[in-house]
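Engineer: Let me begin by handing over the structure; questions about it come next.
The values are calculated or read from the model by the stated rules, or taken from the named source; none is laboratory data. In this text, all values refer to a predicted model and were calculated from it rather than measured experimentally. Here Cβ is always computed from backbone atoms with ideal geometry, including for glycine, and neighbour counts include all displayed protein chains.
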């Protein structure tokens, strides 16, 4: 009898929690309106529930989503606790009493310079008392092993476009500079941070957005260069 009572209590608590999360909705934000359905919701132990609303790119599971241009809302008040724009895709992971936000950068990672969204930094939201704490970003980038021959060849390619304006390879050059910078190459960092002048102002609209995104993520304080 006691076991049945305990089971009933636990079931009631779980149903109450799910009910609270189900009541979460979207609000007017950077990439959402009140008519939208949250991409992700999370209920914290301090009874504060959050909804994540924006432009969903991939629903990995019920607890993980890749999204950009989004807000993390307090379900009760509608307050936006943190916001990310269109140029900052993120991988959001809901864990017990923790929302993990991994900041992704479009980079040609790996030995074959394959383009993919690469985790670079991460921060977390968690309950403390009657509020939600937001940690400062930390680096989670895993350095890529690139042989020196490929690096030397890349810098020759860069030298060939120096001061000549637009190149059809501009996207790849910017991406590779980002990867080498994250790997600790100081020469790549210096060129990346002055790339508009270096290239002879050959960066167009789309590549300008890529340059801003890559420069921003690689200028993060905890990236070491040698």
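Engineer: Could you check residue 28 against (1) at pLDDT 95 or above; (2) crowded, with 16+ Cβ neighbours inside 10 Å and say which number it fails?
Structural biologist: So the condition that residue 28 fails would be (2).
Engineer: While we're here: In the stretch 176-190, what residues are surrounded by fewer than 20 Cβ atoms within 10 Å (Cβ to Cβ) and in a helix (DSSP H, G or I)?
Structural biologist: Once the filter is applied, which keeps residues that are surrounded by fewer than 20 Cβ atoms within 10 Å (Cβ to Cβ) and in a helix (DSSP H, G or I), the stretch 176-190 yields 186, 187, 190.
Engineer: Loosely packed, with under 13 Cβ neighbours inside 10 Å and within 20 Å of residue 219 (Cα to Cα), is that true of residue 105?
Structural biologist: Values: loosely packed, with under 13 Cβ neighbours inside 10 Å: no; within 20 Å of residue 219 (Cα to Cα): yes.
Criteria not met by residue 105.
Engineer: Let me ask another. So which of 213, 160 is part of a helix (DSSP H, G or I) and surrounded by 15 or more Cβ atoms within 10 Å (Cβ to Cβ)?
Structural biologist: Numbers: 160 fails: surrounded by 15 or more Cβ atoms within 10 Å (Cβ to Cβ).
Within the list 213, 160, the selection yields 213.
Engineer: Taking the condition of being exposed (fewer than 15 other Cβ atoms within 10 Å of the Cβ) and modelled with pLDDT under 85, how many residues in the stretch 193-208 meet it?
Structural biologist: Residues that pass the stated criteria total 4.
Engineer: Additional query: Name the single residue, out of those in the stretch 67-80 being assigned to a loop (DSSP other than H, G, I, E, B) and touching a strand residue (DSSP E or B) at 6+ places or on another chain (Cβ under 9 Å), that is farthest from residue 52 (Cα to Cα).
Structural biologist: Here is the first cut: in the stretch 67-80, the ones assigned to a loop (DSSP other than H, G, I, E, B) are 75-79.
Still in the running and touching a strand residue (DSSP E or B) at 6+ places or on another chain (Cβ under 9 Å): 75-76, 79.
Values: 75: 9, 76: 13, 79: 12 Å.
Per the criteria, the residue is 76.
Engineer: Looking for something modelled with pLDDT of 95 or more, farther than 28 Å from residue 142 by Cβ and either out of contact with any strand residue (DSSP E or B) (no Cβ under 8 Å at 6 or more places or on another chain) or part of a loop (DSSP other than H, G, I, E, B) (or both) - is there at least one such residue anywhere in the stretch 81-104?
Structural biologist: The answer is no, given that none of the residues of the stretch 81-104 is modelled with pLDDT of 95 or more, farther than 28 Å from residue 142 by Cβ and either out of contact with any strand residue (DSSP E or B) (no Cβ under 8 Å at 6 or more places or on another chain) or part of a loop (DSSP other than H, G, I, E, B) (or both).
For every residue, the table says whether it meets (1) within 27 Å of residue 104 (Cβ to Cβ); (2) in contact with a helix residue (DSSP H, G or I) (Cβ under 7 Å, 6 or more places away or on another chain); (3) modelled with pLDDT of 50 or more.
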residue: 2; (1), (2), (3): no, no, no
residue: 17; (1), (2), (3): no, no, no
residue: 21; (1), (2), (3): yes, no, yes
residue: 34; (1), (2), (3): no, no, yes
residue: 49; (1), (2), (3): yes, yes, yes
residue: 54; (1), (2), (3): yes, no, yes
residue: 59; (1), (2), (3): yes, no, yes
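Engineer: Scanning the stretch 163-172 for residues that are under 30 Å from the mean Cα position of the chain (by Cα) and either over 23 Å from residue 111 (Cβ atoms) or in contact (Cβ under 8 Å) with a residue 40 or more places away in the chain (or both), which turns out surrounded by the most Cβ atoms within 10 Å (Cβ to Cβ)? Give the steps one after another, and end with the answer.
Structural biologist: Within the stretch 163-172, the subset under 30 Å from the mean Cα position of the chain (by Cα) is 166-172.
Within this subset, residues satisfying the condition of being either over 23 Å from residue 111 (Cβ atoms) or in contact (Cβ under 8 Å) with a residue 40 or more places away in the chain (or both) are 166-168, 172.
Values: 166: 14, 167: 18, 168: 7, 172: 15.
My answer is 167.
Engineer: Given the conditions (1) touching a residue at least 60 places away in the same chain (Cβ under 8 Å); (2) surrounded by 14 or more Cβ atoms within 10 Å (Cβ to Cβ), and given that residue 69 satisfies all but one, which numbered condition is not satisfied?
Structural biologist: Unmet condition: (1).
Engineer: In the stretch 128-148, what residues are more than 13 Å from the chain's Cα centre (by Cα) and crowded, with 16+ Cβ neighbours inside 10 Å?
Structural biologist: To start, the set of residues in the stretch 128-148 that are more than 13 Å from the chain's Cα centre (by Cα) comprises 128-136, 142-148.
132, 144, 146 - these are the residues of the stretch 128-148 that are more than 13 Å from the chain's Cα centre (by Cα) and crowded, with 16+ Cβ neighbours inside 10 Å.
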